[in-house]
Structures are given as structure tokens and as C-alpha cells.
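Structure first, then comments.
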There are 2 protein chains.
Amino acid sequence: MEGRVNGMFKNERHAFIMKQINLHNKVLSSELSNRLEVSEDTIRRDLAELADAGEIIKVHGGALSKSYHYPIQNNSVYAQDSKKEIARKAIKLIQPGMTILTEAGTTMLEMVRMIPDEVEATFFTVSPLIALELADHPLLTVILIGGQIDMSSQINIGEKPISELADINVDLCFLGAHGLDSKAGLSEVEWKVVQVKKAMIKSSTKLAVITISEKLNSILKMKLCNPHEIDYLITELNPNDKRLTPYKKNIQIL
Amino acid sequence: MEGRVNGMFKNERHAFIMKQINLHNKVLSSELSNRLEVSEDTIRRDLAELADAGEIIKVHGGALSKSYHYPIQNNSVYAQDSKKEIARKAIKLIQPGMTILTEAGTTMLEMVRMIPDEVEATFFTVSPLIALELADHPLLTVILIGGQIDMSSQINIGEKPISELADINVDLCFLGAHGLDSKAGLSEVEWKVVQVKKAMIKSSTKLAVITISEKLNSILKMKLCNPHEIDYLITELNPNDKRLTPYKKNIQIL
DNA sequence: AAAAGATTTGCATGTATTTGCCTGTTTAAA
DNA sequence: TTTAAACAGGCAAATACATGCAAATCTTTT
């Protein structure tokens, strides 16, 4: 029927797939099909060939790295759809040329994955995982703020990131919420994490808080910031949902 | 029938094709045929000649730059086993309480995965992926040296990591080798990467070079360090293998 | 300068690859 | 169990390819 749709050779596709697999240790046929703009059949054949060559391990729906082991276990799918919806809203805040600061978390990861390839912006982040995912986007400049890795929060903590954050000034900061209350504002559990996030807030002109509705109206031990310091609140709910009413006073709901 | 349509000789076409390939990393037969106003047969013959001469890599529908495909595909079954063997040797260098600096690369990743859980040490790294993998080990302290992510090398580059590296002092540095020669020492392709790796070497008391034997006896554009600056050389070969003899003068072979 | 030889190129023929679509089947999750 | 997604295999179309050949051009020789 047709030889090659766009200008990508089979070899290039294979190379791309291998790169993705080396990076993420897994690929989904559907995603590849989308990204490379070829049919799923073609991707299936590609994966079959690579698997035949012993380069990857084929599984139902995609393929895995031959030496897989990876710190990303995305098995709590319960809120997957919500997170996608949140991500969709959050991406609208990203304007071309912006400088953006993000933290870690599955919602953030979901958002980062949904950023279109055409977006051009500069991202700072304290999360290695987010940084790697961002770096997949061709037009993004990604700057990882180093430090000691804290596995429970998946971000870099300590003195170094805090002082580095003090030196930057970004347009927009995306934070997840562990605790969020209309009166008490953002709160956290861990002191070390709070220190870093406070520094993140201080470095940013605007603050967007991203969270699933479950986390609303909860107050945790460590206070992070007041409600009026938050500029945008993004949840999976409709902005007019009455659960969001208490927040409307200070915050723009998306 | 007709020899040359317009005023372009075969050599000129070849030169043009090489220019295009160096510029875009790939060419399409159809495009070239259009652009140069010759038949696709002629282009095919041109590409075949250039491929025979080893200048390019021919693929169905066009050709790719040699350097494009080179660094990507090194995941044969054999190489995988070699990397495990290398990793086993490298781990023996890790003593409890040590401070260690590592770069990126699949061999490094393999090594990091094989580190036993009981090992207690401090790791610095410029690779987000390695950092995440290291952070899986309960007793390791992992410090990620931040900076702008360079996707081709998978490490953080730029001024920041270099100045940060200047502030630390570690017992042992693990480097992979892109080019290694008994007389010329370590070499690299990319300037930006060289800068970071030089800083890594400077911060370290001992230097261990990790590489599969394929990479031995190769010299690349950018020099990284002299052979006598290398303390350990780790390959998948038996230390008594004669291919390693030239290196024994300056370096301890594991 | 003319003839002979070599090279280069386009064309025609038949073959091979690549790819999307179609069918029905298997698989995995709700 | 039911249902949607993923799969395998076959088919058809569009290219891409290899080969042989003849014409045009270039090179060498006479």
C-alpha cells in the first residue's frame, strides 16, 4: 500500500525504541505508535524483530528492557484517570518560553509525559525521575537541581538544593499536595521535604498546586505555605464542584 | 543514453550527499533524486558506493550517518554477559565507608544493580538514572550532582556540575571508556562531556576505568586523561589476556 | 581527428521490503 | 463471565531494489 509514511526509516524507529527502552525500561506499543506516527502493527513488527534479535523482551502491550529492574512501579492505577485529567489542565498553564519548577510525584510524572513535543520551555526540577522524563522532550531545557536523594519523597534534599533554589527565579512552580486545607494551606509530613519545597515556593512567581480531590481538606504536621500564596489549584474536579468552594476565595481553580 | 543532465559530476554528488548526511544524519533516496535531478537508480548507486567505502550506512530508502548508528546499538546478548562480569569485578573495589563517584552508561547501571544491599558507602553521581538505581540500596547515601541534562550522554553537564565537582573529594571514581588506548589514554567525542569527566577525575583519589574489550585501542577526538592517571582497568577479559598487556605498564588490571 | 574503450546514466524488467488494513483468535482485566 | 485491547497471519499497495542493457559522455589510443 504505502511504503513509508513520514521520513523515518525502520532503523531509526528501532534506534528510537531502544533508546526509550534503555531510558524507561519499558515501552507501550500504543505510545510508540502515537509518537512515531505509524500503525500499531508496524510497532508490533518492530518489537518482534528487536525481540528476535535479543535486544528486548516482548510482553503483551509493549516490551521491556532485557535487564529490567526499575524503581518505577506504577501499579496503583486507582487514580490514573484523575491524574490524566489533572495533567491536561496543568499543561494549559505552560506558555512557550516559560521557566518552570516542578517537584516529584506520580501526578507530576503524568503531566510531564503529556507535554506535547512542540512545547519549548525551561524546566527546573528536584526530581531525577521527572528530569529524565522531561529530557525526552526535544525542545525542553532541563536542569536538575542536585542534592542528596531522599527515596521516600523521590526528590533531592538537603542544603545544596535549597541554596541552589535561592539562586533561581522561575515563572511558575508546580507542587503536589500531601495536605491541603482552605484555611491552613499546604502542609507536609517531613521536615526535610518542607525545607526544599519552601525554597521552591520562594523562587517562583506563581504557584500551582496539583492534587487529587482526596487530599483536599487535610492538615499535616508541617506547614508549608498559606492559602493566599497559592495562585492556581488543579484537581480532577469540575471547577464549580462545591467541594472546591472554600478555596475560591484565595485561589484560582482550574 | 545520456551521461550527465546538468553540470554535476559524480564526485560532486557524493560530496553533496556526504554534506547532507553530516548535516541531517540521514538522507532519503527520493529526496536526493529530486534535489540533484538524477534518477533514483543513480542515487542508489551513489549510496552503494559510499556505503562500500564505509562512509555511510545504507538502509532501505536512503542512508544514515555512520556516527548516528554507532553508539546506539550495543546490547547484544554477549555484551550483556560481559557487562555482568565487569560489574562483578568492579564491585570488589568498593570498600565499606568509601566515597565513590560514578558516571552513566549501561555497564555502570549493571554494576550499580549488582551492589549488595549490605554495602555502606557514599555515592556521588552525575547521572540521574544511576542515582535512582543507587537510591534503591538502603545503606547507601546518594548525592546527585545537578545541572543541565544532556540526553545523548545521559549525564548532567555545564558549569554547575563542574564547580560542584571541584568542591568534593572522593576515594574512587568509576568512568566508562568511549575511547581507550595504552598510549593516548582515555578519549571522548563530546567536548561538553569531557569537561565534566575531567572535573570528575580531578576530584578523585583513584580512577577506575570500566569498559568492554571492544573499546580498547581506540582514540577519539577529545582527550580526557593520560594512561598513567588511570589506577584500575576493568574489562570482561582475563587479566592475563594478551590484549591487555600494553596497559599493564601504567595500570592495574582486574 | 577519428576510433576504440571505459564510464556513467537512465530505463525496463522482475523481485523484495515495508506497511496498513483485514480477518479471526488470544489475552488480560473489569 | 464479559468485554476491550492486543495479537497473529494473510493480503494488497506502494516503494525500493537488483540486474541487464543501451545510449550518452568521457578517456585513451592510434
*Would you kindly calculate the translational diffusion coefficient of chain B, applying Stokes-Einstein with the Kirkwood radius from alpha carbon pairs, for 37 °C and a viscosity of 0.692 mPa s, and quote it in µm² s⁻¹ without decimals?*
161
_Three-way shape label, region A:106-146, alpha-carbon gyration tensor, a/c 1.5_ = oblate
*Helix-derived mean residue ellipticity, 222 nm - over chain B, DSSP H n ≥ 4, -39500 (n - 2.57), to 500*: -10500 deg cm²/dmol
_Rounded to the nearest angstrom and ordered from largest down, what semi-axes does the equivalent ellipsoid of region A:142-223 get from its C-alpha gyration tensor (root of 5λ)?_
22, 15, 11
*If you average 1/r over all unlike Cα pairs in the protein assembly as shown and invert the result, what Kirkwood radius do you get in angstrom?*
25.2
*Would you mind checking the tilt of helix A:80-91 against the longest principal axis of the Cα atoms of chain A, expressed as 0 to 90 degrees and rounded to 10?*
70
*For region B:147-254, what is the relative contact order in percent, using Cα pairs closer than 8 Å and at least 6 residues apart in sequence?*
26
*Under a 10 Å cutoff between Cα atoms, tell me which one of B:S65, B:S203, B:S218 has the largest fluctuation in the Gaussian network model of chain B.*
B:S65
*Does anyone have the angle between helix B:40-52 and the longest principal axis of chain B? Alpha-carbon axes, 0 to 90°, nearest 10?*
40
*Stretched out fully, how many nm does the piece from A:T245 to A:R113 gain, at 0.36 nm a residue minus the Cα gap?*
44.5 nm
*Counting only DSSP beta bridges with both residues in chain A, what percent are antiparallel, rounded to the nearest 5?*
40
*Between A:M98 and the same site in the other copies, what are the distances in nm, shortest first, taking label points 7 Å from Cα along the C-beta direction?*
4.5
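All of the numbers you see were taken from the coordinates with simple rules; none came from a lab. Keep in mind it's a predicted model, so treat the numbers as computed, not measured. Every residue, glycine as well, gets a Cβ built from its backbone with ideal geometry; the counts of neighbours run over all protein chains shown.
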